[in-house]
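Here's the structure, in structure tokens; my notes come after.
The values are calculated or read from the model by the stated rules, or taken from the named source; none is laboratory data. Keep in mind it's a predicted model, so treat the numbers as computed, not measured. When we count neighbours, we look across all protein chains shown, and the Cβ atoms used for this are built from the backbone with ideal geometry, even at glycine. The protein model used for the area step is the full one, side chains on, heavy atoms only, and it has no ligands, DNA or RNA in it. Shrake-Rupley method; radii C 1.70, N 1.55, O 1.52, S 1.80 Å.
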Amino acid sequence: MDKSRFNMAIIACGAMLMVFSGNLNAAELRVLTGGGMSVVWADIKPQFEEASGHKLEIFFGTTPNLIKEATSGKPFDIGVVPVEVMQDASARAKFVIGPTIDIAHVGIGVAVRSGAQRPDISTADALRATLLKARSIASIPESATGYSIAKVFDRLGITEPMKAKMRAQPDPAQVVATVAKGEAELGIFLINVLSAPGLEIVGPFPAELQQNVVYTAAIGSETKEAVAAKALIEYLKSPAAVSIIKSKGMNPS
């Protein structure tokens, strides 16, 4: 073999070793997260995968779903979940001991079908009157957002009348679809989720009533990919991820 061919063979072997080494270091992370962050993950997932070489499998769920999934015995590597998940003792035990890392937060708002009349929600009294007047409201009562909305209803003294108006949905996409189709007069949910085609944002809850849903991150206590999971958390705090979070109507924490 002449010298040039020998050198080319060495280079080819080196390239193969680099690819093989990269594959060895790549991880597949199973992520538990809230459905309210789905639009954020749609952009962050491919960017993180390209930048890191790791792959993400994402499980979206409401707070009860996430608690159930975390405690089901099915392996996962990291959670980026509403803080209410971490307030459940059985779920918290499935994450590493220590403080969690807040990633993003977002407030609650009201939306109507595109072209519909926009009601007044500018003050607590105006919001109360609008809610009592509404024929139907789409939301997800069994979720961190739903719990926050229930607190507002309680403060306004309208818990009982709201029960008959609620049209419970299984996920954020269905909240949007139900309002967009005119099957519910109002949509009340995270304001970033309501910023969707077919809907018009009426506005956020008045400041004195606003409830923020906070998404916090922690590594699974039984993960075998702690280094990669930590890398994902660091990426979520990076300028690139922060820019995506802001562009999707959420606030970086």
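Over the chain, calculate the relative contact order: mean separation of alpha carbon pairs under 8 Å at least 6 apart, over the residue count, as a percent. Intermediate results must be reported in sequence, preceding the final value.
Working: 443 pairs, mean separation 71.6, N = 253.
The normalised contact order for the chain reaches 28 percent.
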Here the Cα Rg-to-2.2 N^0.38 Å ratio for the chain is 1.24
When the chain is modelled as a GNM with alpha-carbon springs shorter than 10 Å, which of Arg113, Arg167, Arg135 fluctuates the most?
Arg135
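Working from the alpha-carbon coordinates of the stretch 26-115, get Rg over Rh, Rh being the Kirkwood radius.
Working: Rg = 14.6 Å, Rh = 14.4 Å.
We get a ratio of 1.01 for the stretch 26-115.
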Heavy-atom accessible area of the stretch 44-157 with neighbours in place, 1.4 angstrom probe: carbon+sulfur share in percent works out to 52 percent
In a Gaussian network model of the chain with springs linking alpha carbons closer than 10 Å, the residue among Ser148, Ser122, Ser195 that fluctuates most is Ser122
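Report, to the nearest whole %, how much of the accessible area of the stretch 166-226 belongs to carbon and sulfur atoms, 1.4 Å probe, protein only. Mind dumping the intermediate values first?
Numbers: 1310 of 2550 Å².
That share works out to 51 percent.
Quick one: which of Lys55/Lys230; Lys45/Lys248; Lys74/Lys248 span more than 23 angstrom between C-alpha atoms? Each step should come with its number before you reach the end.
Working: Lys55/Lys230 14 Å; Lys45/Lys248 14 Å; Lys74/Lys248 30 Å.
Over 23 Å apart, Cα to Cα: Lys74/Lys248.
Within 10 Å, count the other beta carbons around each residue, average over each peptide in 150-163, 236-249, 30-43, 171-184, and list them highest first.
Details: 150-163: 14.4, 236-249: 16.7, 30-43: 22.0, 171-184: 19.9.
In decreasing order of mean packing, 150-163, 236-249, 30-43, 171-184 become 30-43, 171-184, 236-249, 150-163.
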Label-to-label distance, nm, for residues given as Glu49 and Ile97 (7 Å Cα→Cβ offset):
3.6 nm
Could you report the stretch 118-253's accessible area per residue, 1.4 Å probe, as an integer in Å²?
46 Å²
So, relative contact order of the stretch 114-227 in percent, Cα under 8 Å, 6 or more apart, is 32 percent
